[in-house]
Amino acid sequence: MTLKIGVLVSGSGSNLQAIIDNIEEGKIKAEIAVVISNVSGVYALERAKRHNINTEVINHRDFKSREDFDRKLVEILKSYNVELVVMAGFLRVITKVLLDAFPMRVMNIHPALLPAFPGLHVQKQALDYGVKFAGCTVHFADEGVDSGPIIIQGIVPVLDNDTDETLSQRILKVEHRIYPMAIKLYSEGRIKVSGRKVYIDPPLKIEEGSFLTNPPVDI
Ligand code: GRF
């Protein structure tokens, strides 16, 4: 069975592209049934069209409440028989309406190592704080902001001369690896959730005792 995915976007859609590429290369057994944007004219829609993927634009400003907007999202996602909802640069806070329609079936990617730096402009926050590592997190969405159970995280070093832009680009490259991986695991039925904890079944090996430091430890 091929998993049917609905991708929610608001912008450039580079994560969407990474997912499309992995599907086309046969690495993920899934099909993007629809890409929905809340903003018209964004590049993510163009990317979808180039790959003959259905697109829909739903302007959130046409709805009285977040819940009404989400009801419309659910209606469209269901009409495409979507089983997994993937938020990829989707700049809207979602409500119980969407979550109840797709329980533990809404994923999000966030460009920080949660629970540090939820919300917006998080790469700048990480730089200003002076952290030595930054990264990205794929998690199931819940009713909070960037707060649901964590599926996979990727880390990158923060370099002394980093700007918001250089750090964001370094993180984005890792986003393009971990989001397809999370979707692949989901499509294979290997993601188990118990409370806040997410397990991969069977587990993927990680070297016991492996670690990274920044700066490197040379003693
Ligand atoms: C990514 O950094 C993602 O983590 C954040 O918004 C950005 C979207 O990039 N939520 P793109 O639209 O996938 O290129």
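The values are calculated or read from the model by the stated rules, or taken from the named source; none is laboratory data. Keep in mind that this is a model prediction, so the values were computed, not measured. Using ideal geometry, Cβ is built from the backbone for each residue, glycine included, and neighbour counts are taken over all protein chains shown. Accessible surface areas use protein heavy atoms only, side chains included; no ligands, DNA or RNA. Shrake-Rupley method; radii C 1.70, N 1.55, O 1.52, S 1.80 Å.
Values as computed for the structure displayed
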item	result
Overall Cα dimensions of the chain - principal axes, largest extent first, Å	60, 38, 35
In Hz, Karplus ³J(HN,Hα) per residue of segment 65-73 (6.51, -1.76, 1.60; θ = phi - 60°; x = Gly, Pro)	9, 4, 5, 4, 4, 5, 4, 5, 4
Extended-chain gain in nm, criterion 0.36 nm per residue less alpha-carbon gap, residue 153 and residue 81	23.0 nm
Whole-Hz couplings from phi, Karplus 6.51/-1.76/1.60, listed for segment 104-117; x for Gly and Pro	6, 10, 10, 9, 9, 10, 10, x, 7, 8, 4, x, 6, 6
Label-to-label distance, nm, for residues given as residue 124 and residue 25 (7 Å Cα→Cβ offset)	3.4 nm
Antiparallel bridges, percent of DSSP beta bridges restricted to the chain (to nearest 5)	45 percent
Magnitude of the charge dipole, segment 57-179, Cβ model with Lys/Arg +1 and Asp/Glu -1, debye to 20	200 debye
Gaussian network model of the chain, springs between alpha carbon atoms under 10 Å - residue of 57, 138, 106 with greatest fluctuation	57
From phi via Karplus (6.51, -1.76, 1.60), per-residue ³J(HN,Hα) for segment 76-93 in Hz, x at Gly/Pro	5, 4, 5, 5, 9, 6, 5, 10, 10, 9, 10, 8, 10, x, 8, 8, 10, 7
Relative contact order [Cα under 8 Å, 6+ residues apart], segment 62-153, whole percent	25 percent
Estimated inter-spin distance, residue 93 and residue 219, nm [label 7 Å along Cα→Cβ]	4.7 nm
Per-residue [θ]222 nm for the chain (sum of -39500 (n - 2.57) over DSSP H runs n ≥ 4, rounded to 500)	-10000 deg cm²/dmol
Separation in nanometres of the label points that stand 7 Å from Cα toward Cβ, at residue 55 and residue 197	4.3 nm
Cut-off under 5 Å, modelled amide H: who pairs with residue 83 long-range	4, 5, 6
5 angstrom amide H check on residue 89, placed H, neighbours 5+ away	109
Highest-fluctuation residue, 100, 62, 142 considered, GNM on the chain with Cα pairs under 10 Å	62
Proximal lysine pairs, segment 44-165, alpha carbons under 24 Å, eight or more residues apart or interchain	8
Accessible area in square angstrom per residue, the chain, 1.4 angstrom probe	54 Å²
Contact order normalised by residue count of segment 1-103, Cα under 8 Å, 6+ apart, percent	37 percent
Cα gyration tensor, segment 77-159 - rounded (a/c under 1.5), prolate or oblate	prolate
P(r), alpha carbons of segment 1-103 - 5 Å bins starting at zero, rounded %	3, 14, 25, 26, 19, 10, 3, 1, 0
Cα long-axis angle, helix 164-187 against the chain (0 to 90 degrees, to the nearest 10)	60 degrees
Difference of contour (0.36 nm per residue) and Cα-Cα distance, residue 160 to residue 43	38.9 nm
Residue of 45, 91, 120 that the Gaussian network model of the chain assigns the largest fluctuation, springs spanning Cα pairs under 10 Å	120
The chain - percent relative contact order, Cα under 8 Å, separation 6 or more	18 percent
